[in-house]
1. Checking the structure you have, find out if any residue of the stretch 59-78 is open to solvent by less than 10 Å² (accessible area, probe 1.4 Å) and touching a Phe, Trp or Tyr at 6+ places or on another chain (Cβ under 8 Å).
2. Can you name every residue in the stretch 173-196 that is within 25 Å of Gln219 (Cβ to Cβ) and among the hydroxyl-bearing types (Ser, Thr, Tyr)?
3. Quick one: count up the residues across the stretch 238-247 that are buried (at least 19 other Cβ atoms within 10 Å of the Cβ) and either of a type in the set (D, E, K, R) or within 8 Å of the ligand (Cβ to nearest atom) (or both).
4. Taking the stretch 249-270 on its own, how many of its residues are open to solvent by 70 Å² or more (accessible area, probe 1.4 Å) and assigned to a helix (DSSP H, G or I)?
5. If you go through the stretch 37-58 one residue at a time, how many are out of contact with any strand residue (DSSP E or B) (no Cβ under 6 Å at 6 or more places or on another chain) and open to solvent by less than 70 Å² (accessible area, probe 1.4 Å)?
6. Starting from the stretch 191-205, take each residue that is on the phi < 0 side of the Ramachandran plot and at pLDDT 95 or above and list its partners that are in a loop (DSSP other than H, G, I, E, B) and near the ligand (Cβ under 6 Å from one of its atoms), counting only C-beta distances under 6 angstrom and pairs at least six apart or across chains.
7. Of the conditions (1) more than 16 Å from the ligand (Cβ to nearest atom); (2) in contact with a Lys or Arg (Cβ under 9 Å, 6 or more places away or on another chain); (3) within 24 Å of Ile47 (Cα to Cα), Leu132 satisfies every one except a single condition; which number is it?
8. Tell me, which strands (runs of 3 or more DSSP E) wholly within the stretch 3-66 include 3 or more residues that are farther than 19 Å from Gln108 by Cα, in contact with a helix residue (DSSP H, G or I) (Cβ under 6 Å, 6 or more places away or on another chain) and more than 10 Å from the ligand (Cβ to nearest atom)?
Amino acid sequence: MTNLQATTTLSNGVKMPWFGLGVYKATEGAEVIQAVKIAIKNGYRSIDTAAAYNNEEGVGQAVHEALEETGLSRDDLYITSKVWNSEQGYESTLAAFEKTMSKLGLEQLDLYLVHWPVKGKYKETWRALEKLYNDGRVRAIGVSNFQVHHLNDLLQDAQIKPMVNQVEYHPRLTQIELRTFCKEQGIQLEAWSPLMQGKLLDNSTLQEIADKHGKSVAQVILRWDLQNGVVTIPKSTSEQRIKENADIFNFELTSDDMKQIDGLNEDRRVGSDPDNFNF
Ligand code: NDP
């Protein structure tokens, strides 16, 4: 894991970048287009969007413009999207996927995720993702916000095991049980809200570690993700912070640093609880 293009190999052999740009709350149009283009021009290769973020068109436009302007090819990039809760079910997911692809303007998606484990629906949704995968429309399929019990339940009927589980993960929510389970199952864990949406940046333990390495708190947290084997996708629309977040391949946290950061866990979420959400 020596540079921004470094990849993890998913259970089906597909290579996914360890690091990417999240675009939740990046506004459709100029803001998201600019952020994605800045990221790609600065070496990012992975972009994480979702139908629910209402910015897939902007992501698609930025991807096409960046490809033209940089000479990169489509295969160099890794684009993720997710099916929203109201579209879950077999036929409705297939239709939602087509909508996503037409907004993105892409032939094939790199990763498609079930956004939340909607009770009574996610197995049918998964069946649709399996079809999309078998048809070659998407290179890898996965889930998001699945707890161990959701995964166990899904695995009872799944023909294909999810390759990725994208969950809230940061030093206040270290998800040890889920991380261990996913590792045993060969499911790559991916962190959303890795920076706890900015709420951890004034933490004194993290600041001390950051000072010692001459890095920012954000950089320390993102490096901690990677050293834990967790894919990370911090969101920023600021050019300076997009660059800062990715500048984490030139230092290493010690095992003592890692333990101190692990010790900040409080099982505390900034987002919704996958066992208790109503959307
Ligand atoms: P993050 O933890 O990535 O934090 C983003 C916030 O931190 C923004 O306000 C950003 O502001 C700020 N920020 C970013 N970098 C820095 C920095 N270096 N210093 C100071 N502030 C900084 O939160 P997100 O919730 O956006 O999570 C990341 C991504 O994960 C999302 O964008 C989305 O792609 C995905 N996600 C998935 C979910 C799911 O259910 N599957 C749920 C939530 C997120 P600014 O833009 O001004 O820099």
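The values are calculated or read from the model by the stated rules, or taken from the named source; none is laboratory data. Because the structure is predicted, anything quoted here is derived from the model rather than measured. Note: ideal-geometry Cβ built from the backbone for every residue, glycine included; neighbour counts use all protein chains shown. Accessible surface areas use protein heavy atoms only, side chains included; no ligands, DNA or RNA. Shrake-Rupley method; radii C 1.70, N 1.55, O 1.52, S 1.80 Å.
1. Scanning the stretch 59-78, I find no residue that is open to solvent by less than 10 Å² (accessible area, probe 1.4 Å) and touching a Phe, Trp or Tyr at 6+ places or on another chain (Cβ under 8 Å), so the answer is no.
2. Thr174, Ser193
3. Result for the stretch 238-247: 2.
4. Residues flagged as open to solvent by 70 Å² or more (accessible area, probe 1.4 Å) and assigned to a helix (DSSP H, G or I) within the stretch 249-270 amount to 4.
5. Here is the first cut: in the stretch 37-58, the ones out of contact with any strand residue (DSSP E or B) (no Cβ under 6 Å at 6 or more places or on another chain) are 37-38, 40-43, 51-58.
Next, from what is left, pick out any that are open to solvent by less than 70 Å² (accessible area, probe 1.4 Å): 37-38, 40, 42-43, 51-53, 55-56, 58.
Result for the stretch 37-58: 11.
6. Pro194/Pro234; Leu195/Pro234
7. (2)
8. The strands (runs of 3 or more DSSP E) meeting that bar number zero.
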